[in-house]
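Here the structure is laid out as structure tokens; the discussion comes afterwards.
The values are calculated or read from the model by the stated rules, or taken from the named source; none is laboratory data. Nothing here was measured: the structure is a model prediction, and the numbers come from that model. Backbone-built Cβ (ideal geometry, glycine too); neighbour counts: all protein chains shown.
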Amino acid sequence: MNDDRKAFFADPGSLDLSEYVVLDYFFESTLEPTEAAAHLCQEQSTAQWKRVGVDEDMRPLHAARVIDLVVERTPDRPCIPFQLESWGTIWACRVKIAYPIRNIGASIPNLMTAACGEGAYFSLGIHAIKLHDIIFPAGYLEQFEGPKFGVAGLRELTGVYDRPLFFGVIKPNIGLAPEPFRDIAYQSWLGGLDIAKDDELIFDTAWSPFEKRTRLLGQARRDAEQKTGKKCCYLANITDEVDRLIELHDIGVKNGANMLMINAMCTGLSAARMVRKHTEVPLVAHFDCVAPISKSPYYGIHSRVITKLQRLAGFDAIIFAGMGARMKNYRSAVLDDVRACGDSLCVAHSDSSGRSAPCPVKSALPVPAGSQWAGSLQPLYEDIGSIDFAIVPGRAVFDHPGGPKAGAISLQQGWDAIKAGISLAEYARGHQELEASIRQNT
């Protein structure tokens, strides 16, 4: 490696890591690993670092630096063969790169451009690359608002402190006029559902105008609270063009929507952060466009990174792909997303043990999704090891044989079985809502 390339390497002890975000990548390369890693740092930071005929060097202040590089294996063939016409030796590597905060500031678009942009994904010799993690210094995080409510605030809003939260996706999601949409949401609240929500596919449409839908649902929510004595939430989807988000936010909140959802990767995280700065109600992220970015094991961005960025942008609850056949997701990936919602986003760099530093960004509520029902509660509770999560069934509530009220009741009965320490089937005896749900889902 020539002297020019050496400028893109550093011992982490020689850097003030409070001035860097650390990017953790997998990459596969046909170039020798140190050459490939140096090119990666060069392309995502200084590229050309001086002007012709001028005695200067931008690298000491602005270069990305390799602080750890491990060759994991030398496979016989590339993990993405169509990326190469021919190949010789291949190296599969993990690399940690310290990226200067002075290059990007406290800007999510700038951070994503540096970490996931042209420089990283079209670097010389690298045909496969995936961003697995980002670690932030605490001082950097202090410049972001993060969740306004977080887990504790959501519990206060719903009045639920002793179990997971129960979301419910109002179904049918497309085609219902606001009046029947309101009626079935109302029934679910009477059954004890905490949060009745718009599906991610229902917007401000001619057949369900946002103003009318939120006005009817807002009133129904308040009526349900008076009738049940329980706090109820209506989660309205404001996803639209960026220049409509604040307008839709204001209409929804005025009409009684006390939570709002944004399909975050569709509108962009900066748009979501804009709404976070404006809002006085909790924000919930839906996971549209996450799978195309994250599903490949060898290319793209790990879902934990997207979850972290959504938390940084200010979402109080984050819906993501859960376990089970429908989501085609690994248990480990789901738990990575759960931890990204609640664990510290930073590391105490002055501590050689690498222990997590106090995180100035509140925890977001994890909401693993995918064809859930009362029987989903036990495995999720065991895997997560905490009640600080939510389930988000649709048909299990709104297509329950006994109707939405019975569907909501079945969720509470499923949790009651866990509290009682008995099987779902045993508890269902004498609880017809749960019994019908078991028949429907097994």
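Per-residue answers, yes or no, for (1) touching a residue at least 12 places away in the same chain (Cβ under 8 Å); (2) crowded, with 20+ Cβ neighbours inside 10 Å; (3) touching an Asp or Glu at 6+ places or on another chain (Cβ under 9 Å); (4) over 30 Å from residue 309 (Cβ atoms):
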residue: 369; (1), (2), (3), (4): yes, yes, no, no
residue: 372; (1), (2), (3), (4): yes, yes, no, no
residue: 379; (1), (2), (3), (4): yes, no, no, no
residue: 385; (1), (2), (3), (4): no, no, no, no
residue: 390; (1), (2), (3), (4): yes, yes, yes, no
residue: 394; (1), (2), (3), (4): yes, yes, yes, no
residue: 400; (1), (2), (3), (4): yes, yes, yes, yes
residue: 421; (1), (2), (3), (4): no, no, no, yes
residue: 441; (1), (2), (3), (4): yes, no, no, yes
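Here the helices (runs of 4 or more DSSP H) wholly within the range 373-442 that include at least 1 residues being among the β-branched types (Val, Ile, Thr) and closer than 23 Å to residue 323 by Cβ are 377-384, 395-398, 404-420, 432-441.
Determine if the range 211-219 includes at least one residue that is crowded, with 23+ Cβ neighbours inside 10 Å, touching a Phe, Trp or Tyr at 6+ places or on another chain (Cβ under 7 Å) and in contact (Cβ under 8 Å) with a residue 40 or more places away in the chain. Yes: one or more hits. The single condition among (1) touching a strand residue (DSSP E or B) at 6+ places or on another chain (Cβ under 6 Å); (2) under 22 Å from residue 310 (Cβ atoms); (3) surrounded by 18 or more Cβ atoms within 10 Å (Cβ to Cβ); (4) assigned by TED's automatic domain parsing to the domain that holds residue 413 that residue 130 does not satisfy is (4). Of all residues in the range 235-294, those satisfying the criterion of being surrounded by fewer than 17 Cβ atoms within 10 Å (Cβ to Cβ), over 19 Å from residue 148 (Cα atoms) and either in contact with a helix residue (DSSP H, G or I) (Cβ under 7 Å, 6 or more places away or on another chain) or in contact (Cβ under 8 Å) with a residue 60 or more places away in the chain (or both) are 242, 289.
Residues in the range 225-270 that are more than 24 Å from residue 156 (Cα to Cα) and assigned to a loop (DSSP other than H, G, I, E, B): 239, 240, 241, 268.
Taking the criterion of being basic (Lys, Arg) and within 16 Å of residue 4 (Cβ to Cβ), the residues of the range 36-75 that qualify are 50, 51, 59, 65.
What about residue 92, is it closer than 30 Å to residue 310 by Cα, small (Gly, Ala, Ser) and either part of a helix (DSSP H, G or I) or out of contact with any strand residue (DSSP E or B) (no Cβ under 9 Å at 6 or more places or on another chain) (or both)? In short, no. Taking the criterion of being over 15 Å from residue 35 (Cα atoms) and not in a loop (DSSP other than H, G, I, E, B), the residues of the range 56-84 that qualify are 59, 60, 61, 62, 72, 73, 81, 82, 83.
Of the residues making up the range 2-40, those that are touching a strand residue (DSSP E or B) at 6+ places or on another chain (Cβ under 6 Å) and within 20 Å of residue 72 (Cα to Cα) are 9, 22, 23, 24, 25, 26, 27, 28, 29, 33, 36, 37.
In the range 307-333, the residues that are in contact (Cβ under 8 Å) with a residue 24 or more places away in the chain form Cβ pairs under 6 Å with partners that are charged (D, E, K, R) and assigned to a loop (DSSP other than H, G, I, E, B), at six or more places apart or across chains, as follows: 314/145. Within the range 295-308, the set of residues being surrounded by fewer than 24 Cβ atoms within 10 Å (Cβ to Cβ) and under 18 Å from residue 344 (Cβ atoms) comprises 302, 304. Among the residues in the range 45-53, are any modelled with pLDDT of 95 or more, among the charged types (D, E, K, R) and either outside the structural domain of residue 274 (by TED's automatic domain parsing) or under 25 Å from residue 142 (Cβ atoms) (or both)? No: zero hits.
Residue by residue, here is whether (1) at pLDDT 95 or above; (2) closer than 25 Å to residue 180 by Cα; (3) in contact with a Gly (Cβ under 9 Å, 6 or more places away or on another chain) holds:
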{"site": "339", "(1), (2), (3)": "yes, no, no"}
{"site": "344", "(1), (2), (3)": "no, no, no"}
{"site": "360", "(1), (2), (3)": "no, no, yes"}
{"site": "367", "(1), (2), (3)": "yes, no, yes"}
{"site": "382", "(1), (2), (3)": "yes, no, no"}
{"site": "396", "(1), (2), (3)": "yes, yes, yes"}
{"site": "409", "(1), (2), (3)": "yes, yes, yes"}
{"site": "412", "(1), (2), (3)": "yes, yes, yes"}
{"site": "438", "(1), (2), (3)": "yes, no, yes"}
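Yes/no per residue for (1) within 24 Å of residue 153 (Cβ to Cβ); (2) not small (Gly, Ala, Ser):
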residue	(1), (2)
332	no, no
360	yes, yes
366	yes, yes
376	no, no
379	no, yes
388	yes, yes
401	no, yes
426	no, yes
434	no, yes
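Filtering the range 219-232 for residues that are within 20 Å of residue 310 (Cα to Cα) and out of contact with any Leu (no Cβ under 6 Å at 6 or more places or on another chain) leaves an empty set.
Residue 173 falls short on exactly one of the conditions (1) touching a residue at least 12 places away in the same chain (Cβ under 8 Å); (2) surrounded by fewer than 15 Cβ atoms within 10 Å (Cβ to Cβ); (3) part of a loop (DSSP other than H, G, I, E, B), and that condition is (2).
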